[in-house]
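S.K.: Take a look at the following structure, please.
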Amino acid sequence: MTINDICNGKANLAECNAKTIYKLSKELGISMEKLLEPYMLPRADFELFKSNVCHKLKELGDIEFLIDTIENGDIITYYDRNWYPESLYLLAMVDYISRENDVPLCDEYSELRHMKLKDVLYPASIITAAAVSKDESIKQQAVKNSIPEFMRFNIVETDVRSVI
């Protein structure tokens with residue numbers, strides 16, 4: 001296995017033996033823990049993930065959120081892990097905040113902007129309300145009121161700013 005194999009997705013670093021990871025970490029000058037960190041993170045519940053993103057936006061403010069999100073590479077990291085809802089939600093948030101602040105879209109994600117989730121992803125609160133009331137029009141109304149950048153990916157999101 002070569003570094004090229006890992007970078008091109010032909011090999012998974014998490015499947016390497018400890019000796020290989022040790023040698024690689026020494027060559028790259030980073031700890032084994034740091035090298036394996038992307039493979040060790042547990043996947044949070046999607047509702048919790050969305051809440052954390054919204055809190056981060058509130059905490060950092062629009063421009064700092066954009067800078068931090070683009071620089072940390074999470075959109076691509078989530079995509080590479082096949083965590084498509086998280087990746088596309090974060091990209092939708094970046095695109096929405098960019099539009100709100102008249103900031104040009106980041107070209108790095110142009111290919112991802114052509115994707116969408118197979119099924120519409122509703123917030124748990126909308127699913128619950130529709131089920132309890134036995135009224136599917138609740139879902140239709142949520143789609144109608146959804147932020148366009150999110151709906152482009154089949155994600156229903158109506159408000160990212162009202163977090164407590």
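S.K.: Tell me the residue from N17, N4, N101 that is more than 11 Å from the chain's Cα centre (by Cα), at pLDDT 85 or above and not aromatic (F, W, Y), please.
M.R.: N101 is the lone residue from the list that is more than 11 Å from the chain's Cα centre (by Cα), at pLDDT 85 or above and not aromatic (F, W, Y).
S.K.: Can you tell me which of (1) of a type outside the set (D, E); (2) in contact with a Lys or Arg (Cβ under 8 Å, 6 or more places away or on another chain); (3) in a helix (DSSP H, G or I) is the one S51 doesn't meet?
M.R.: (2)
S.K.: Output the residues belonging to segment 140-162 that are surrounded by fewer than 17 Cβ atoms within 10 Å (Cβ to Cβ) and at pLDDT 95 or above.
M.R.: Those that are surrounded by fewer than 17 Cβ atoms within 10 Å (Cβ to Cβ) and at pLDDT 95 or above: Q140, Q141, V143, K144, N145, P148.
S.K.: Could you pull out every one of the helices (runs of 4 or more DSSP H) wholly within segment 113-163 that has 1 or more residues that are over 16 Å from R99 (Cα atoms) and of a type outside the set (F, W, Y)?
M.R.: 124-133, 137-145
S.K.: For the list (1) surrounded by fewer than 12 Cβ atoms within 10 Å (Cβ to Cβ); (2) in contact (Cβ under 8 Å) with a residue 60 or more places away in the chain; (3) of a type in the set (S, T, N, Q), I need the number of the one condition that N72 fails.
M.R.: Condition not satisfied by N72: (2).
S.K.: What residue, among those in segment 25-62 that are small (G, A, S) and over 21 Å from Y84 (Cα atoms), is modelled with the highest pLDDT? Talk me through it step by step, then tell me what you get.
M.R.: The initial filter retains those residues of segment 25-62 that are small (G, A, S), namely 25, 29, 31, 44, 51, 61.
Add one more test, that the residue is over 21 Å from Y84 (Cα atoms), and what stays is 25, 29, 31, 61.
On the way: S25: 81, G29: 86, S31: 80, G61: 96.
Within segment 25-62, the match that is modelled with the highest pLDDT is G61.
S.K.: For residues in segment 56-97 being assigned to a helix (DSSP H, G or I) and of a type in the set (S, T, N, Q), which is nearest to V120 (Cα to Cα)?
M.R.: S87
The values are calculated or read from the model by the stated rules, or taken from the named source; none is laboratory data. A quick note: this is a predicted structure, and the numbers were derived from the prediction, not measured. Ideal geometry is used to build each Cβ from the backbone, glycine not excepted, and the neighbour counts take in all protein chains shown.
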